[in-house]
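Structure first, commentary second.
The values are calculated or read from the model by the stated rules, or taken from the named source; none is laboratory data. Everything numeric in this text was worked out from a predicted model, so none of it was measured. Here Cβ is always computed from backbone atoms with ideal geometry, including for glycine, and neighbour counts include all displayed protein chains.
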Amino acid sequence: MDQPPHPDHGWSRGVTVVENAVVVPPRSFGEHPVCGVWGPDGDVPEAAHWRDEKRVPRPLAEPPEPAARLSGTHLFGGFLFGHFGHFVVESLARLWLTSEPAQGWLFLPRRVHIKGVQRLHRPFFNLLAPEMPVSLLREPVAVERLVIPGQGFGLGAIARGTPEFRAMLRLRTARIRSNGPRRIYVSRSALGGQGGVLNETAIERNLAREGYAIMHPQTMTLREQLIWYKSASHVLGLDGSAFHLLGLVARPEQTIGIILRRSTGDYANIAAQIEGMQGHPPAVIDALRANWMPPDRANPNFLSTGELDHAALAERLEAGGFIAKAQAWRAPEEAEVEEAIRAVEAAGGQPLVRRVV
């Protein structure tokens, strides 16, 4: 088995059971560490993590001597990431197996600085794997019986999620209340000045007049965020990791719009995840006029700042049913734009150049 996970068929939807397995964390960390699960027939490929149709860990050539032994049945969770977005998309991918009696989940660290289950991780595990201990292995461990759910979510074609993964999300989030605002705008304006768009507060002012509540996810608990996302009939925001959380509870009847903040294809996995939950794609709103970035960069990245054509943005929001009339939209004044450019340059500690889209 050397095929990437697919949302509709294959090993991503299956379960592999390995008796007398050895779970092996990375000894050195890089893009392709040597780690995984060793079974009676050698490296177990169903335990490998895939990203963008490429296998991330290199296969084990031989099992190291285990430092400890675990009796009973345990579940294999794969890599534990420390980055919020990658944790949501990649570390939760195997939690769809809810019917297997076991003593806990076993994870491998993705980076050397991950020493254990962190404060970021705990609310997600409490919600999606309740009453199940979660352990991070830093030494090889022999396991009497290891159950390996397929990778049901991730980056690439699998971003839509398998039916089993989506069913688990609906099951685990069913009791979350739906008493939040009906229209929300997911803001990045308080994230430090980089990786957004110029004059995002102008977007917020316009949408507030349309009845949108402005949401700053980083100030909210996981449950508070899910309440807002689950309650909303309309959700708008700049492309970014916050939308991966929306994708955990997205419903078919919601109107969701992703406003592009940079000229990259990074939004595609977010859109695919939401499409998997809704059954139809979200609106992708491209009103970019330019990207602001350091002079030594030719292409935008996650720290680039977008410049929007506000007239085009308003027209597309009206066409998508997000606002009533584009003519009522108030674009930022030239002085506001110049002030925003200076603020972004100060946040990054260097001058920026404007590259027209």
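Brief remarks follow.
- Any hit, region 317-326, residues being in a strand (DSSP E or B) and small (G, A, S): no
- Taken over region 132-176, the residue count meeting the criterion of being surrounded by fewer than 18 Cβ atoms within 10 Å (Cβ to Cβ), of a type in the set (A, V, I, L, M) and closer than 25 Å to K115 by Cα is 1.
- Residues of region 113-122 that turn out to be at pLDDT 95 or above and either surrounded by fewer than 14 Cβ atoms within 10 Å (Cβ to Cβ) or among the acidic types (D, E) (or both), as a count: 1
- The residues listed here are R69, R55; of these, the one that is charged (D, E, K, R), surrounded by fewer than 19 Cβ atoms within 10 Å (Cβ to Cβ), over 24 Å from G14 (Cβ atoms) and in the same structural domain as R145 (by TED's automatic domain parsing) is R69.
- Here region 84-112 is the region considered, the condition is being free of Cβ contacts under 8 Å to residues at least 40 places away in the same chain and outside any strand (DSSP E or B), and the residue that is surrounded by the fewest Cβ atoms within 10 Å (Cβ to Cβ) is S99.
- Residues that are among the charged types (D, E, K, R) and closer than 23 Å to G14 by Cα do occur in region 99-107.
- Qualifying positions in region 1-24 - surrounded by fewer than 20 Cβ atoms within 10 Å (Cβ to Cβ), closer than 24 Å to A142 by Cα and modelled with pLDDT of 95 or more: W11, G14, V15, T16, V17, E19, N20
- Region 113-221 holds helices (runs of 4 or more DSSP H) entirely within its bounds, and those carrying 2 or more residues that are in contact (Cβ under 8 Å) with a residue 40 or more places away in the chain and within 18 Å of the chain's Cα centre (by Cα) map to 122-128, 163-172.
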